[in-house]
Each structure stands twice: as structure tokens, then as C-alpha cells.
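Here is the structure we will look at.
The values are calculated or read from the model by the stated rules, or taken from the named source; none is laboratory data. Quick caveat, the model's predicted, so the values are computed rather than measured. Note that each Cβ is placed from the backbone with ideal geometry, even for glycine, and that neighbours are counted across all protein chains shown.
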Amino acid sequence: MFLLILKVNKLSLNINKTNYMCFRNKPYQDDCKLEIGGLDVSRLHVTKFLGLLGDEKLSWYNHNNALCKNLSKNMPVIYKGERMLENTHLCGSLILPYLSYACEMWEVHRSLNYIL
């Protein structure tokens, strides 16, 4: 059916660039497979979308690890530059963008964990 929709609308699909994820809250099970036109589509467990790392369980574990890694790279710059500039300028330019981007999603996740 999907291939028919593509053909009717004169669209093409690059299977090599196509991926899928199965979202679940149960432990990982390998029962979710996808084929299009007899070809297997690759499955992702973690993907980056709009700068956020998401996984199958919709947790922030991978995103938080990447965020800590990026922030730790900027700490020596702040330490060395504190004598030349005010720390607020360096923190505002090197750290704040990472922390403020998509912070609304972090609040939703924290609220859901509190409720559950």
C-alpha cells in the first residue's frame, strides 16, 4: 500500500536513508521489524531530531550525557577566560544556549516522572 502511494504521487524513497523507531516503556524486545518493497528498513534505538537525542523509552539519558560532554568541553575556556572577561558573559555565551534550548521538554519529562 505504501509503495502504491509513493508511485501515484510520483515520489521516491531512499531505503538507505530511511530509519524507524519503536517507542515503548517495556524492556527491549526485537519483535518490531519493518520491510518496504521486500527490503529491511534499519531500526534506530537513539536518534537526534531538532538537536535533541531521543530514545525508544522517551528518556533524556542520552541527551543528558551528550549535554554534559558538550558543557565539559567549555569549562576550561571559562576557567582560563575568567581573568579577562566577566564570567557572566562567558557563561551566557558558552553554557546558557545548551541549557535553555528545549528546556520546556525537560520540564514536561520531570513532571511526568513525578506523577508516575
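Out of contact with any strand residue (DSSP E or B) (no Cβ under 9 Å at 6 or more places or on another chain), surrounded by 10 or more Cβ atoms within 10 Å (Cβ to Cβ) and not assigned by TED's automatic domain parsing to the domain that holds N65: is that true of D40 in this structure?
Working: out of contact with any strand residue (DSSP E or B) (no Cβ under 9 Å at 6 or more places or on another chain): yes; surrounded by 10 or more Cβ atoms within 10 Å (Cβ to Cβ): yes; not assigned by TED's automatic domain parsing to the domain that holds N65: yes.
Yes; evaluated as a whole, the condition is true for this residue.
Looking at K80, is it surrounded by 12 or more Cβ atoms within 10 Å (Cβ to Cβ), at pLDDT below 85 and either assigned to a helix (DSSP H, G or I) or out of contact with any Phe, Trp or Tyr (no Cβ under 7 Å at 6 or more places or on another chain) (or both)?
When the stated conditions are applied, K80 does not pass them.
Do you know which residues across segment 3-17 are surrounded by 10 or more Cβ atoms within 10 Å (Cβ to Cβ) and either hydroxyl-bearing (S, T, Y) or part of a helix (DSSP H, G or I) (or both)?
Result: L3, L6, K7, I15.
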